[in-house]
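The values are calculated or read from the model by the stated rules, or taken from the named source; none is laboratory data. Since the structure is predicted, the reported quantities are computational estimates derived from the model, not experimental observations. Positions of Cβ are generated from backbone atoms using ideal geometry, with glycine treated the same way; all protein chains shown enter the neighbour counts.
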Amino acid sequence: MLQDLKELSELNGVSGDEIRVREYIKKRVKKHATQISEDPYGNLIVRKGPEKGPRIMLAAHMDEVGLMITGIEKSGLLRFHAIGMMPNVLMAKRVFIGKDKVLGVMGHKPIHLAKEEELKKMPKTKDLFIDIGMSSKEDASKVVQVGDYASFGTEYRENGDSVQGKAFDNRIGCFILLRMIMESDLPAFYSFTVQEEVGLRGARIAANRVKPDVAIAVDTTSSGEWPDDGDTPQYPALGAGAVVTTADRSVICDEKLVRTIRETAEREKIPYQDKRPMIGGTDAGSMHVAGPGVRSAVISVPARYIHSPLSFASRGDILAVEKLLRCSINNIMGKEREWV
Amino acid sequence: MGLIEVLCNAYGPTGREHRVRGIIEKELKGLCSDVYTDRLGNLIAHRPAKSKRGQKIMLCAHMDEIGLIVTYIDKNGFLRFTNVGGVFAERVPYQRVVFENGTTGIVGIEPSKDESKSSGRPKFESMFIDVGARDRESVQRKVRVGDIASFSQQLVFINKKCIAGKAIDDRIGCYCLIEVAKRLKKSIHDIYFVFSVQEEVGGRGARTGAYAIEPAYALAVDVTDTGDTPEAYKMQVSVGKGVAIKVKDSGFITNPIIMDKLAEYARTLSIPHQFEILEHGSTDAAFIQLVKGGVMSGVLSIPTRYIHSTSEVCDLDDVNGTVELLAHVCEKGLD
């Protein structure tokens, strides 16, 4: 069992509420870090090794997509705002609200009461509500307040190579960085960032602090396999290795850095695959335009159903990403002059 | 072949500007004391001030052009793609494109989705690049997912003064900066010529370039739309009526001090000029103005028809006026 991944996955940490994730990581890295710093925005930057040589920044965001309670109706039902999720992902799901993890369910009309046309129509997120089993605003207000965060209480599981849980985007990235800090001596600025899901905000500040020469975002990406008879793209695929980005909506990755990463993978026989171009964005989007510019890349773990209550990923892919990061950093450190 | 032609015909989609950079670097040899490429790929040429009272002025033109990025190679060897930068889908079918390694292709479209046969705009999803291959394997030897193509259309003169070609946005701006560097004899001011990358995806190069340079003043040199064609969107800018001094666009409002100064110079030198309000679109200046503690910025635009097509049209008189005005700015400063 990847115990740290289980712990990280099961923590709740919607954008802006990353404190539990941060505290967990802080506790785990204490003995292994050269320096730990926290900035006013909530980023956690763990430096390992001496300050000389190329400054390499690895970034994984601590926040996950989730919900925030925005209103309590007379009926005791809760209105909410969702970040990064489609309504079809939310329908009828369990959610846990606030620090006390009050149980709620995404309210919906049962089949017995729904009219035929309602069954055919997908509701809009703004028409959904959370039911916590109360029947008045007064009762609901005793356990929940406006501004509470809510997330999915999915338990982590493993089944052979398959790892299964919530918030894999991006606790998997946090897990990989955590392992590197604890199990290797690679000098780098391991940065655990906040508020990626709402606009790559934390990484922007973290990069201003670290002032890196080279930055790599470590994240998850939607796997592309989908039942389809047509001649359509089916990549990246679960189990096919680390995903290397050429360009997404937020960044056109540094050509030299991408080449170095691919060559490293070839030489070390680490399985790797392409990311679908121009889809999504990562912390690299903020990092590469920080200060006078930073050579940046993204290495991801493919995962199915990210931005939903349950994602699947492959342990093999996670280990491939970790190994690719380690070997690539070694490679960069070996040719120091080319990168500073 | 003239410099404008060489610049416009060169391969240089967003994120892959190195060919253009190479051409410019060669032209600048001996003209600037310091020419270097920064981490994002911006080419920066510096003419240090002759006086301590000199102002630090940054001139910026972007090297990149819009392009197409390969997302999938199907089993018959057709390349599926999406846009890099603001590509209008309806202008793409049947165009020629070229990859960095010279592989040339034609954009095809699924017949049922062809605009002429159905209503509505075509989508990139229904288009493909045909490189004449029969299967995936043979294509994979030349092109891979993530490769970026640029349009390939050679520049032509449509009359003695008007040129048509791809990437006039913004190689014509690059040309202006090179010409200024060539003409500029001596200046008390500290001049930085910045040939930026990745403007078409949001001024990314200009932002980091300006951060490193920290100029007091910046002028972006780029193209702007016109309202002088049949049934055109109302806009009081015409090709051939002079350099356009930007008043505002969708991301930028020109500092009035800069605008007045530019207009004053243009009047003094009798350079034909017009004032530009662009309702849709922006330039590197939108990003430069917000760097660090702020940069007092302006824009000189070359009026151009059919921007983001393979036949952008502009007038060389407007271009020469822009060069003249810029050179004057470099000599006299901006305050």
_What's the total number of residues in region A:248-272 that are more than 9 Å from every other protein chain (Cβ to nearest Cβ) and among the hydrophobic types (A, V, I, L, M, F, W, C)?_
4
_Subset of region A:288-315 (residues that are more than 9 Å from chain B (Cβ to nearest Cβ), crowded, with 24+ Cβ neighbours inside 10 Å and either of a type in the set (A, V, I, L, M, F, W, C) or in a loop (DSSP other than H, G, I, E, B) (or both))_ = A:A297, A:V298, A:I299, A:V301, A:A303, A:I306, A:A313
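I need the full set of residues from region B:77-100 which are of a type in the set (S, T, N, Q) and farther than 22 Å from A:Q273 by Cβ, in order please.
B:N83, B:Q95
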*In the set B:G41, B:G86, which member is within 14 Å of chain A (Cβ to nearest Cβ), within 22 Å of the chain's Cα centre (by Cα), among the small types (G, A, S) and closer than 24 Å to A:K256 by Cβ?*
B:G41
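Among A:V243, A:V218, which is crowded, with 21+ Cβ neighbours inside 10 Å, touching a Pro at 6+ places or on another chain (Cβ under 6 Å), modelled with pLDDT of 95 or more and not in a loop (DSSP other than H, G, I, E, B)?
A:V243
Give region A:265-277 a look and list any residue that's surrounded by 20 or more Cβ atoms within 10 Å (Cβ to Cβ) and of a type outside the set (G, A, S), or say none.
Result: A:I270, A:Y272, A:Q273, A:D274, A:K275, A:R276, A:P277.
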*Give B:E27, B:E17 a once-over and let me know the one that is farther than 30 Å from B:I188 by Cα and either at pLDDT 95 or above or more than 14 Å from every other protein chain (Cβ to nearest Cβ) (or both).*
B:E17
*Which one of these is surrounded by fewer than 21 Cβ atoms within 10 Å (Cβ to Cβ) and within 14 Å of chain A (Cβ to nearest Cβ): B:Q140, B:Q153?*
B:Q140
*Criterion violated by A:P233 - all others in (1) in a helix (DSSP H, G or I); (2) at the interface with chain B (Cβ under 8 Å from one of its Cβ atoms) satisfied*: (1)
*From B:A149, B:A212, B:A133, residue being farther than 20 Å from B:A244 by Cα, assigned to a helix (DSSP H, G or I) and of a type in the set (A, V, I, L, M, F, W, C)*: B:A212
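Which of the residues that make up region A:207-232 are in contact with a strand residue (DSSP E or B) (Cβ under 6 Å, 6 or more places away or on another chain) and either of a type in the set (F, W, Y) or over 21 Å from A:I261 (Cβ atoms) (or both)?
Result: no residue meets the conditions.
Suppose the filter is more than 12 Å from chain A (Cβ to nearest Cβ) and among the polar types (S, T, N, Q); does B:N101 pass it?
Yes.
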*Inside region A:255-283, can you point out the residues that are out of contact with any helix residue (DSSP H, G or I) (no Cβ under 7 Å at 6 or more places or on another chain) and over 21 Å from B:V70 (Cα atoms)?*
A:E266, A:R267, A:K269
*Looking at (1) of a type in the set (K, R); (2) more than 9 Å from chain B (Cβ to nearest Cβ); (3) within 20 Å of B:Q140 (Cβ to Cβ), find the lone condition where A:K275 falls short.*
(2)
